[in-house]
Amino acid sequence: MPSAVVKIIGKSGSDITCRVLLDTRCIANFITENLCNKLKLTKSPCSLTITAMNNLNTTANYLTDVTFRSIHSEFKKSLTCFVVKEITNLIPKEPVPRNRLRIPKHLKLADPHFENQQP
């Protein structure tokens, strides 16, 4: 799954640099409860059961508004996210041999460390 590194802006205006997953087929946005609390974002109650493959369920009890910005430009976007305990384990599942890829040096990657396993 593709990833990007962005700066998420907290309630006080300070930001946290974090990795996000880009799922173009997903119809909802999610943030972990841990990150939401670190950013001191305002949570609104909701109740949503989220079903994944093999009928694995989790529940989102809160929504929050999130603003993030690019690490490479002035691009900024606001989204409403469901707050969940966990989104995924380590991504990618296995380290990617970056030296085998021919990435032009002038390209600014959305996730400069995509090859490293991270949560």
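Each value in this text was obtained by applying a stated rule to the coordinates, not by laboratory testing. Small disclaimer: the values here were computed from a predicted structure and weren't measured. Using ideal geometry, Cβ is built from the backbone for each residue, glycine included, and neighbour counts are taken over all protein chains shown.
Of note:
- Screening the candidates Val66, Val5 for the property of being part of a strand (DSSP E or B), closer than 21 Å to Pro92 by Cα and under 14 Å from the mean Cα position of the chain (by Cα) yields one hit, Val5.
- Subset of region 49-66 [surrounded by 14 or more Cβ atoms within 10 Å (Cβ to Cβ) and touching a residue at least 24 places away in the same chain (Cβ under 8 Å)]: Thr58, Ala60, Tyr62, Thr64, Val66
- Residue check for Arg19: touching a strand residue (DSSP E or B) at 6+ places or on another chain (Cβ under 9 Å) and within 25 Å of Asn116 (Cβ to Cβ): yes
- Scanning region 11-27 for residues that are of a type in the set (A, V, I, L, M) and either over 22 Å from Thr59 (Cβ atoms) or surrounded by 13 or more Cβ atoms within 10 Å (Cβ to Cβ) (or both) returns Ile16, Val20, Leu21, Leu22.
- Unmet criterion (only one of (1) surrounded by 13 or more Cβ atoms within 10 Å (Cβ to Cβ); (2) touching a helix residue (DSSP H, G or I) at 6+ places or on another chain (Cβ under 6 Å)) for Lys85: (1)
- First in region 1-21 and farther than 15 Å from Lys108 by Cα and free of Cβ contacts under 8 Å to residues at least 40 places away in the same chain, second anywhere and assigned to a strand (DSSP E or B) and among the β-branched types (Val, Ile, Thr), Cβ under 8 Å, 6 or more apart: Gly10/Ile16; Ile16/Ile8; Cys18/Val5; Cys18/Val6; Cys18/Ile8
- All positions within region 28-48 that are aliphatic (A, V, I, L, M), part of a strand (DSSP E or B) and surrounded by 17 or more Cβ atoms within 10 Å (Cβ to Cβ): Ile31
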